[in-house]
Amino acid sequence: MPPLAEPSATARARAAVLRAHDAPFVVEPVELSEPGPGEVLVRIAGVGLCHTDLLGRVPGDRVPKPVVLGHEGAGVVEAVGPGEGGGLAVGDHVVLSYDSCGLCANCRDGRPGYCARMARLNMAAVVPDGRPRAFDQAGSPVHNRWFGQSSFATHAIATVRNAVKVDPEAPIELLGPLGCGVQTGAGSVLLALSVRPGEALAVFGAGAVGLSAVMAARLVGADPIVAVDLHPSRRDLALELGATHALDGADPDLAGRLRALVPDGFHHALDTTARPDVVATAVAALRTTGTCGLVGVGGEDYRLDSTLMLMGRTVRGIIEGDAVPQTFVPRMLDLWRRGLLPFDRLIQTYPLADIARAEADATSGTTVKPVLLP
Ligand SMILES: NC(=O)c1ccc[n+]([C@@H]2O[C@H](COP(=O)([O-])OP(=O)(O)OC[C@H]3O[C@@H](n4cnc5c(N)ncnc54)[C@H](O)[C@@H]3O)[C@@H](O)[C@H]2O)c1
Ligand SMILES: [Zn+2]
Ligand SMILES: [Zn+2]
């Protein structure tokens, strides 16, 4: 096979580059190649930090380095690659979500979160053709296209599948979390679990994903809505956003308190902690035929109680709330505009240069959803 020519570098960006799992993010100049067919260059107005970006902190090569992370970008289209631009034009406001191939059976079935190429397109931090498309000042390649974007940067190249056009009147710098964390929590309740009015829901972990689930549960009239977290501030916020009860995850009698609230067991549970002990509590809190959704990434293996499972209980993994971003992102934005999904309450903004502080505040629990402003 002949050597692949490197595409010409056109866009000069500044990006937060991570060079080792235990290194600080360094904001530095990066050259991005021009967008190819099916791609768009986006000037990032704001980008959320999602817990999944912290996979970059796991020792080993699970996330290749050096890398530009960030997968909740939102901004303005600056250039559209040659060919059919998926309906996108220069100047469009877009929210960047996860990428998918559009060609596999699940994509064709309208379930792109379960795309056969999900891992390759989102977690590998490489462009599908394997060519380097981002370079540092020394001309060395930097891994790019994390979740089809790598948006901890002033500019990112996304695809026409994961760039979702949104209303230009909305505050674009705050919309990035709609592309992952908010979508995952809200979609888990509205789409994956299909929670109905009057049904009981317990949400374990009141971070950005869990609190988005709480907001969506209030929206559909679930009752009770029980949020469980270790941080008092997050429990308080859960109550403000629609939880009917908030319980301490460290309470040794958590199972008893859940049982006291809903003696027959919950119709639904959602785990966002990825902790085996919490998942066991969540499944045990279900009624017979109840369903527990799992969204946590990177945790240890879970154990199922065979007797509980025999009685019709379901445990299922959920990617991105089962959402199709091209339709669900505008729908969430519409709900926000009507005051029904106040996801902006989760956000604290930071300059991109303060990414270390944003990361520390997210890790300590002080900030629910940091949004970096390049
Ligand atoms: N499946 C998907 O498509 C998808 C999408 C986005 C995020 N995620 C994953 O979802 C998870 C949640 O994301 P997030 O951004 O909300 O993270 P987060 O860290 O903000 O939230 C997790 C919450 O769990 C709480 N918690 C930890 N241990 C607990 C315990 N023992 N009992 C009760 N609460 C406990 C923490 O205090 C924290 O508030 C992460 O694992 C993230 O990687 C998955
Ligand atoms: Zn995410
Ligand atoms: Zn696919």
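Before moving on, here are some points about what is shown:
- Among the residues of segment 300-312, those identified as surrounded by 11 or more Cβ atoms within 10 Å (Cβ to Cβ) and not hydrophobic (A, V, I, L, M, F, W, C) are Tyr302, Arg303, Asp305, Gly312.
- Scanning segment 167-180 finds no residues that are away from ligand 3 (no atom under 16 Å from the Cβ), buried (at least 24 other Cβ atoms within 10 Å of the Cβ) and under 20 Å from Thr314 (Cα atoms).
- Flag for Ala243 being in contact with a helix residue (DSSP H, G or I) (Cβ under 6 Å, 6 or more places away or on another chain), part of a loop (DSSP other than H, G, I, E, B) and of a type outside the set (Lys, Arg): yes
- Scanning segment 53-64 for residues that are surrounded by fewer than 17 Cβ atoms within 10 Å (Cβ to Cβ) and within 15 Å of Gly148 (Cβ to Cβ) yields a count of 0.
- Taking segment 290-374 and the helices (runs of 4 or more DSSP H) fully enclosed by it, the elements with 2 or more residues that are within 14 Å of Val279 (Cα to Cα) are at 306-310.
- For segment 207-223, the set of residues classified as closer than 16 Å to Cys292 by Cα and either touching a strand residue (DSSP E or B) at 6+ places or on another chain (Cβ under 6 Å) or at pLDDT below 95 (or both) consists of Gly210, Ala213, Val214, Ala217, Ala222, listed by residue number.
Yes/no matrix, rows are residues, columns are (1) assigned to a helix (DSSP H, G or I); (2) within 13 Å of ligand 1 (Cβ to nearest atom); (3) among the β-branched types (Val, Ile, Thr); (4) crowded, with 24+ Cβ neighbours inside 10 Å:
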residue: Leu121; (1), (2), (3), (4): yes, no, no, no
residue: Arg131; (1), (2), (3), (4): no, no, no, no
residue: Ala138; (1), (2), (3), (4): no, no, no, no
residue: Val182; (1), (2), (3), (4): yes, yes, yes, yes
residue: Gly187; (1), (2), (3), (4): yes, yes, no, yes
residue: Ala206; (1), (2), (3), (4): no, yes, no, yes
residue: Ala227; (1), (2), (3), (4): no, yes, no, yes
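- Selected residue (only one of Ala213, Ala260, Ala246 is out of contact with any Gly (no Cβ under 7 Å at 6 or more places or on another chain) and touching a residue at least 40 places away in the same chain (Cβ under 8 Å)): Ala246
- From the list Val297, Val278, Val262, Val324, the lone residue that is touching a Phe, Trp or Tyr at 6+ places or on another chain (Cβ under 6 Å) and surrounded by fewer than 22 Cβ atoms within 10 Å (Cβ to Cβ) is Val278.
- Among the conditions (1) in the same structural domain as Ala156 (by TED's automatic domain parsing); (2) more than 14 Å from ligand 2 (Cβ to nearest atom); (3) crowded, with 20+ Cβ neighbours inside 10 Å; (4) not small (Gly, Ala, Ser), the only one that Val67 does not satisfy is (1).
- Search result, residues across segment 321-335 that are in contact (Cβ under 8 Å) with a residue 40 or more places away in the chain and of a type outside the set (D, E, K, R): Gly321, Ala323, Val324, Pro325, Gln326, Phe328, Val329, Pro330, Met332, Leu333, Leu335
- Pair list, Cβ under 9 Å, 6 or more apart: segment 101-125 residue farther than 20 Å from Gln149 by Cα and outside the structural domain of Val297 (by TED's automatic domain parsing), other residue within 14 Å of ligand 1 (Cβ to nearest atom) and of a type in the set (Ser, Thr, Tyr): Cys104/Tyr114; Asn106/Ser100; Asn106/Tyr114
- Within segment 293-320, residues that are within 24 Å of Thr184 (Cβ to Cβ) and touching a residue at least 60 places away in the same chain (Cβ under 8 Å) sit with their Cβ atoms under 9 Å from residues that are assigned to a helix (DSSP H, G or I) and among the charged types (D, E, K, R), at 6+ positions apart or across chains, in these pairs: Val295/Glu320.
- Annotation: Met332 fulfils all but one of (1) surrounded by fewer than 22 Cβ atoms within 10 Å (Cβ to Cβ); (2) closer than 19 Å to Arg218 by Cα; (3) of a type in the set (A, V, I, L, M); the unmet one is (1).
- Within segment 345-365, tally of residues that are in contact with a helix residue (DSSP H, G or I) (Cβ under 9 Å, 6 or more places away or on another chain), under 17 Å from Asp236 (Cβ atoms) and surrounded by fewer than 15 Cβ atoms within 10 Å (Cβ to Cβ): 2
- All strands (runs of 3 or more DSSP E) inside segment 10-112 with 1 or more residues being at pLDDT below 95 and more than 20 Å from Gly179 (Cβ to Cβ): 26-33
The values are calculated or read from the model by the stated rules, or taken from the named source; none is laboratory data. Just so you know, these numbers come straight off a predicted model, no measurement behind them. As a convention, Cβ positions derive from the backbone with ideal geometry for all residues, glycine included, and neighbour counts pool all protein chains shown.
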